[in-house]
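Chemist: Right, I'll just put the structure down here and ask away after.
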Amino acid sequence: MLTHHSNQDYNVAASEAAKLARSKFEAEINRGKTRAAAVIEQVETQIPVDRVVNNKALNFKIVMGDLKVQLGGKTELVEGFHRNALNQAAERAGIPVTYIDKLMAKGDWGRELVAENLNELYHNGEPARYLTRSVNGQVRGFLSNAYRRMDARPILESFIGAAQKVGAVPVDGYALETKIALKAVLPYIFEPVPHEVMLFGMMFETSDFGNGKLSIRSFVDRLWCTNRAIGTDDLAKVHIGGRLTEDMDLSRQTYELDTRTMASAARDVVRKSLSAPSVNLFLEGIKQANEQKIEGRAISDFLKQHKLSKGEQDAVVEAFNSPEVEMLPAGQTAWRMSNAISWIANTKVEDEERKLELMKIAGVAIEPRKKAA
């Protein structure tokens with residue numbers, strides 16, 4: 001059920017195309033409800049268990065084919081070791097992730113060699129302390145003890161509350177093991193370009209395990225095909241800060257203060273970004289991108305600059321040059337290029353994290369025009 005607020009300050013569409021799009025809007029909301037609920041449930045229930053550990057007390061081992069870590073201390077606790085934590089541990093030890101990948105693919109002996117390498121490097125290194133963050137007996141984050149922990153629950157709650165105050169509704173998201181995201185959209189159809197009907201909203205993204213920073217971004221969804229362009233981070237807050245002490249109760253005071261500060265910042269960002277002036281400015285950027293002609297060399301340079309793989313680049317160029325005018329807007333423009341990138345993300349990419357990165361790049365494709373407005 002949509003909660004409608006006054007739209008008199010927004011440039012809301014009233015065309016026949018917009019009327020046709022409203023039913024698709026309702027379907028998008030219904031389809032995304034389950035995913036949004038899963039995100040909220042994961043944040044509420046999967047609360048990390050934090051431990052500060054000494055490098056020389058760590059003991060990596062292979063148990064029934066899986067990499068595990070003995071954290072040392074009085075309990076001699078043994079936990080699973082998530083791939084995200086493995087990447088972080090390898091990076092801190094100076095082991096290339098590509099080398100880890102090759103060894104892990106070799107079977108038991110390769111995994112044993114990974115454990116042996118980690119043990120030798122951590123046991124013989126300078127004394128150091130690390131923060132491990134675990135869920136359900138698995139270390140999912142292996143972090144510096146300078147990592148600024150924040151409780152995602154009140155921050156997400158502030159995001160949802162601020163969005164709902166202007167009528168936006170949670171519609172979608174994803175709940176990965178080391179990262180979550182939630183989308184909320186305004187209950188209006190926008191049409192910055194004739195027949196280009198779209199939704200406008202905000203996306204909350206965070207990781208409690210060092211797999212990306214806490215961010216809140218504006219985005220648009222093109223309703224004809226759900227191509228998505230995600231804007232720059234409006235929060236721009238990275239998880240870094242005060243060093244943890246051995247007194248976890250004392251460090252918790254900083255933890256709770258940081259959380260309250262970020263919850264307040266999230267509320268302010270959502271209010272500003274979903275205000276009519278901010279929304280209208282973003283949509284004006286799309287209008288300008290639709291008027292900006294772009295040629296093949298400029299497309300290739302943009303895709304290389306933003307580190308798309310060769311296969312991704314070829315797919316985007318092929319889509320851009322195709323006769324397709326339903327899944328992609330017509331014209332050889334920056335707006336079409338943005339949609340080509342997000343279309344490839346939706347149709348050619350299975351990894352959820354890579355999809356998200358490509359949609360952010362699609363947002364960059366229109367961003368300079370937005371700033372020039």
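Each value in this text was obtained by applying a stated rule to the coordinates, not by laboratory testing. This one's a predicted model, so the numbers in the text were calculated from it and none came from an experiment. Note: ideal-geometry Cβ built from the backbone for every residue, glycine included; neighbour counts use all protein chains shown.
Chemist: Relative to the longest principal axis of the chain, what angle (0 to 90°, nearest 10) does the C-alpha long axis of helix 16-45 take?
Modeler: Result, in degrees: 10.
Chemist: What are the aspartates and glutamates whose alpha-carbon lies under 13 Å from the alpha-carbon of Lys307, with same-chain residues fewer than 8 places away excluded?
Modeler: Filter leaves Glu357.
Chemist: Turning to a different aspect of this structure: Counting only C-alpha contacts under 8 Å and six or more residues apart, can you give the relative contact order of the chain as a whole percent?
Modeler: Here the relative contact order equals 17 percent.
Chemist: Turning to a different aspect of this structure: Take every DSSP beta bridge whose two residues both sit in region 49-144, then give the antiparallel share in percent to the nearest 5.
Modeler: Close to 90 percent.
Chemist: Test of understanding: ordering Arg271, Arg149, Arg297 by Cβ neighbours within 10 Å, fewest first, what list do you get?
Modeler: In increasing order of surrounding Cβ atoms, one gets Arg297, Arg271, Arg149.
Chemist: Something else now. Using only Cα atoms, tell me the angle between helix 108-123 and the longest principal axis of the chain; keep it within 0 to 90° and round to the nearest 10.
Modeler: The helix 108-123 is inclined about 70 degrees to the chain.
Chemist: For Phe142, Phe302, Phe320, what's the fewest-to-most ordering of other Cβ within 10 Å of each Cβ?
Modeler: Arranged by neighbour count, lowest to highest, Phe142, Phe302, Phe320 become Phe302, Phe320, Phe142.
Chemist: Please state the relative contact order of region 49-144 as a whole percent: Cα pairs under 8 Å, 6+ residues apart?
Modeler: 40
Chemist: Taking neighbour counts of Cβ atoms within 10 Å as a proxy for exposure, in what order, fewest first, do Ile180, Ile95 appear?
Modeler: By the 10 Å Cβ count, ascending: Ile95, Ile180.
Chemist: Student exercise: in region 49-144, how many lysine pairs 8 or more apart or on different chains have Cα atoms under 22 Å apart?
Modeler: Lysine pairs, 8 or more places apart or on different chains, close enough: 7.
Chemist: Let me ask another. How large is the charge dipole for the chain, taken about the Cα centre, if only the Cβ atoms of Lys, Arg (+1) and Asp, Glu (-1) carry charge, to the nearest 20 debye?
Modeler: For the chain, the charge dipole is close to 420 debye.
Chemist: Let me ask another. Only helical DSSP H runs with n ≥ 4 go in: add -39500 (n - 2.57) per run for the chain, normalise by residue count and round the 222 nm mean residue ellipticity to 500 deg cm²/dmol.
Modeler: That calculation yields -16000 deg cm²/dmol at 222 nm.
Chemist: Another one. Around Val270, what is the net charge, scoring Lys/Arg as +1 and Asp/Glu as -1 over all other residues with Cβ under 10 Å from its Cβ?
Modeler: +2
Chemist: Comparing Gly173, Gly161, Gly137, which has the greatest mean-square fluctuation in the GNM of the chain with Cα pairs linked when under 10 Å apart?
Modeler: Fluctuation is largest for Gly137.
Chemist: With the chain treated as a Gaussian network of Cα nodes joined by springs under 10 Å, which of Ser207, Ser338, Ser23 yields the largest mean-square fluctuation?
Modeler: Between Ser207, Ser338, Ser23, it is Ser23 that shows the largest mean-square fluctuation.
Chemist: Only bridges with both residues in the chain count here: give the DSSP antiparallel percent, nearest 5.
Modeler: If we restrict to bridges inside the chain, about 95 percent are antiparallel.
Chemist: Which value in Å does the Kirkwood hydrodynamic radius of the chain take, with 1/r averaged over all unlike C-alpha pairs and then inverted?
Modeler: So the Kirkwood estimate lands at 22.5 Å.
Chemist: Relative to the longest principal Cα axis of the chain, at what angle does helix 276-291 sit, 0 to 90 degrees, rounded to 10?
Modeler: In the chain, helix 276-291 runs at an angle near 80 degrees to the longest axis.
Chemist: If you take every residue apart from Ser15 with its C-beta less than 13 Å away from the C-beta of Ser15, what net charge results, scoring Lys and Arg +1 and Asp and Glu -1?
Modeler: So the environment of Ser15 carries a net charge of -1.
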